[in-house]
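Undergrad: Before anything else, here's the structure in question.
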Ligand code: PEP
Ligand code: MG
């Protein structure tokens, strides 16, 4: 793959006073990698791997997945590729398992829970990831973790995969970094425990907002209540960032908030290590980062944490952007 033009978006995500924030991309399809590179993405912070399972009748084989992940890792190397394990269920179903009869799918057999119900399928994917991680810079991430038990189950199964691959004499990366999505409020409240058991956190604000505010992210009747800058959400993100940093692990934000010009200055104030967003939004967000000052973002965050309403928070953000960017 040949890069065609070099633009300012290929410069690092760095504020005027030297604070660096890595700008990564969220992708759903292999083909999007070209757009990531063109738009100045410094790697993939979230590969929604479930899309390779959708719109087909048979499950992909380990070999198919291995080749897909290996090629993606090689194209991106030395930049990172973060493979999120399957987030199926809720609105993302596959014909292989048929429709689930659930009255609240978002609260049902989704993501890690779906994988725990189908351990063979889960193992196939983890084996493919472990093998692909021999190439490039690959990390694995589990979605929708709500507590330590799920995390330990998933990590134990990963361990089993490593043992099996070793016995079979297949090459794999034994040191594959393992992180989790922080997108369920219960996980946020025990962030300091979880931080001791993983290599990184990635905050999924789309689901965190849905589950914290009790607003279905796909229901247009309540979309006006879906507020990223709700004081509760800002506090939860801050809590996760601080708990992660205290434990010495990296914290990123990969939900839509990372692509929102009104939210990014607040995330910078918290000194998140990376943000991951749709490739098309990267140039605009990099422009904001490169015009900002960390000191102003820190002051903004301080003021926002004192604000009890979204209206006031929005005003504070607007004033900061107007004054300093
Ligand atoms: C999120 O929940 O914020 C997220 C990034 O994951 P998804 O949108 O795939 O649920
Ligand atoms: Mg999510």
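Undergrad: Restrict the check to the stretch 172-186 and report whether at least one residue is touching a helix residue (DSSP H, G or I) at 6+ places or on another chain (Cβ under 6 Å) and in a helix (DSSP H, G or I).
TA: Yes, the conditions are met somewhere in the stretch 172-186.
Undergrad: Return the total of residues in the stretch 114-128 being free of Cβ contacts under 8 Å to residues at least 24 places away in the same chain and in a helix (DSSP H, G or I).
TA: Quick first cut of the stretch 114-128, residues free of Cβ contacts under 8 Å to residues at least 24 places away in the same chain only: 117-118, 120.
With the extra rule that they be in a helix (DSSP H, G or I), the set shrinks to 117, 120.
Residues in the stretch 114-128 being free of Cβ contacts under 8 Å to residues at least 24 places away in the same chain and in a helix (DSSP H, G or I): 2 in total.
Undergrad: Looking only at the stretch 68-89, how many residues end up being in contact with a helix residue (DSSP H, G or I) (Cβ under 8 Å, 6 or more places away or on another chain) and either under 21 Å from residue 252 (Cβ atoms) or surrounded by fewer than 23 Cβ atoms within 10 Å (Cβ to Cβ) (or both)?
TA: Going through the stretch 68-89 one residue at a time, the tally reaches 14.
Undergrad: Right, here's the next one. If a residue has to be outside any strand (DSSP E or B), within 16 Å of ligand 2 (Cβ to nearest atom) and in contact (Cβ under 8 Å) with a residue 24 or more places away in the chain to count, how many in the stretch 76-92 make the cut?
TA: Just the residues of the stretch 76-92 that are outside any strand (DSSP E or B), to begin with: 76-79, 85-88, 90-91.
Now narrow it down to the ones that are within 16 Å of ligand 2 (Cβ to nearest atom): 85-88, 90-91.
Next, only the ones that are in contact (Cβ under 8 Å) with a residue 24 or more places away in the chain stay: 85-88, 91.
Here the count works out to 5.
Undergrad: Take the conditions surrounded by fewer than 23 Cβ atoms within 10 Å (Cβ to Cβ), closer than 28 Å to residue 198 by Cα, modelled with pLDDT of 95 or more and touching a helix residue (DSSP H, G or I) at 6+ places or on another chain (Cβ under 8 Å) and apply them to residue 271. Does it pass?
TA: So residue 271 fits the description; yes.
Undergrad: For the condition crowded, with 20+ Cβ neighbours inside 10 Å and away from ligand 2 (no atom under 16 Å from the Cβ), what is the one hit in 147, 136?
TA: Values: 147 fails: crowded, with 20+ Cβ neighbours inside 10 Å.
Selected residue: 136, the only one of 147, 136 that is crowded, with 20+ Cβ neighbours inside 10 Å and away from ligand 2 (no atom under 16 Å from the Cβ).
Undergrad: Taking the conditions exactly as written (at pLDDT 95 or above, more than 19 Å from the chain's Cα centre (by Cα), surrounded by 21 or more Cβ atoms within 10 Å (Cβ to Cβ) and in a helix (DSSP H, G or I)), does residue 131 satisfy them or not?
TA: Working: at pLDDT 95 or above: yes; more than 19 Å from the chain's Cα centre (by Cα): yes; surrounded by 21 or more Cβ atoms within 10 Å (Cβ to Cβ): yes; in a helix (DSSP H, G or I): yes.
Answer is yes for this residue.
Undergrad: Taking residue 292 as the residue in question, decide whether it is crowded, with 24+ Cβ neighbours inside 10 Å, more than 19 Å from residue 239 (Cα to Cα) and in contact with a helix residue (DSSP H, G or I) (Cβ under 9 Å, 6 or more places away or on another chain). Steps first, answer last, please.
TA: Numbers: crowded, with 24+ Cβ neighbours inside 10 Å: yes; more than 19 Å from residue 239 (Cα to Cα): yes; in contact with a helix residue (DSSP H, G or I) (Cβ under 9 Å, 6 or more places away or on another chain): yes.
So residue 292 passes the test.
Undergrad: Before we move on, is residue 297 within 16 Å of ligand 1 (Cβ to nearest atom) and either under 21 Å from the mean Cα position of the chain (by Cα) or farther than 20 Å from residue 142 by Cα (or both)? Steps first, please.
TA: Details: within 16 Å of ligand 1 (Cβ to nearest atom): no; either under 21 Å from the mean Cα position of the chain (by Cα) or farther than 20 Å from residue 142 by Cα (or both): yes.
No, not satisfied.
Undergrad: Related question: Quick one: which helices (runs of 4 or more DSSP H) sit completely within the stretch 202-298 and have at least 1 residues that are in contact (Cβ under 8 Å) with a residue 40 or more places away in the chain and within 16 Å of ligand 2 (Cβ to nearest atom)? Give the derivation first.
TA: Working: elements: 205-213, 231-246, 264-269, 282-291.
Here the list reads 205-213, 231-246.
The values are calculated or read from the model by the stated rules, or taken from the named source; none is laboratory data. Predicted model only: the values in this text are computed from it and were never measured. Neighbour counts are summed over all protein chains in view; Cβ atoms, including those assigned to glycine, are modelled from backbone coordinates with ideal geometry.
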